[in-house]
1. Can you tell me the relative contact order of the stretch 5-76? Whole percent, Cα pairs under 8 Å, sequence separation 6 or more.
2. Using +1 on the beta carbon of Lys and Arg, -1 on that of Asp and Glu, and nothing else charged, what's the dipole of the stretch 82-150 about the Cα centre, debye to 20?
3. Measuring from centroid to centroid over Cα atoms, what is the spacing of the stretch 1-69 and the stretch 96-154 in Å?
4. First check a/c for the stretch 1-75, with a ≥ b ≥ c the square roots of the eigenvalues of its C-alpha gyration tensor; if it is under 1.5, answer rounded, and if not, answer prolate when a/b is larger than b/c or oblate otherwise.
5. Out of these labelled values of log10 I(q)/I(0) by the Debye sum over Cα atoms at q = 0.10, 0.15 Å⁻¹, (i) -0.47, -0.84; (ii) -0.56, -0.94; (iii) -0.41, -0.85, which was calculated from the coordinates shown here?
6. Please identify the longest segment of the chain free of exposed GluC sites (Glu not before Pro), where exposed means a DSSP state other than H, G, I, E or B and no more than 14 other Cβ atoms within 10 Å.
7. Given charges of +1 on the Cβ of Lys and Arg and -1 on the Cβ of Asp and Glu, with all other atoms neutral, how large is the dipole of the chain about its Cα centre, in debye to the nearest 20?
8. What shape does the stretch 82-150 take by its C-alpha gyration tensor, where a ≥ b ≥ c are the square roots of the eigenvalues and a/c under 1.5 counts as rounded, a/b above b/c as prolate, and the rest as oblate?
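Readers should treat all values here as calculations from the given coordinates under stated rules, not as data from a laboratory. Bear in mind that the values here come from a model prediction, so they are computed numbers and not experimental data. Neighbour counts are summed over all protein chains in view; Cβ atoms, including those assigned to glycine, are modelled from backbone coordinates with ideal geometry.
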Amino acid sequence: MSEFNLEMDPQGRMVLKRPEAEDAVDVRIRRSFPWSSPGHNVSIRSKEGKELVMIDDLAALPEPLRKVVEDYLSSTSLIPRITQVLAVDVRFGFQQWTVQTDRGPADFRVQEREDIRFMADGRFSVKDADGTIYELPRMDQLDEASRRAIEAVV
């Protein structure tokens, strides 16, 4: 990985600065493997989608630069993380979930049991009837009430 820096310009666009190349304005930062390896293989791409820099390991970046990347990723992430499960109602052939997420409260319907998928690291992905995917942490990271609420469905 070559040397680089990221800054916001006055218009709020992310700018990639590299000593060996012209500045790239309005770049996008994307995780290659957001579920299985969120801290590795992070791509910085031009607004046209061309990869400009591949970050092998976010932890290897200097602290100020890592914070810029992590702040950008958290502000553009479309995967709400469930922090608490308040209720799961399993009547009527589907599951109605009431949860608290890192983006606020949410109520959603899960149509099929297969829409809840176990991941190798112990987390779960939960897809609602509208196609939104939520991240559910490992069972041992949930409070007791949340674990009881989801016991029958996971």
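1. Details: 106 pairs, mean separation 14.6, N = 72.
That works out to 20 percent.
2. Details: 10 positive and 13 negative charges, 25 e Å.
In total the dipole reaches around 120 debye.
3. Each part's Cα centre sits 31 Å from the other's.
4. The shape class here is rounded.
5. It is the one labelled (i).
6. Values: sites that count: GLU3, GLU20, GLU48, GLU112, GLU151.
Result, exposed sites excluded: 49-111.
7. Values: 22 positive and 28 negative charges, 61 e Å.
Its charge dipole is roughly 300 debye.
8. On the way: a/c = 1.38, a/b = 1.20, b/c = 1.15.
The shape class here is rounded.
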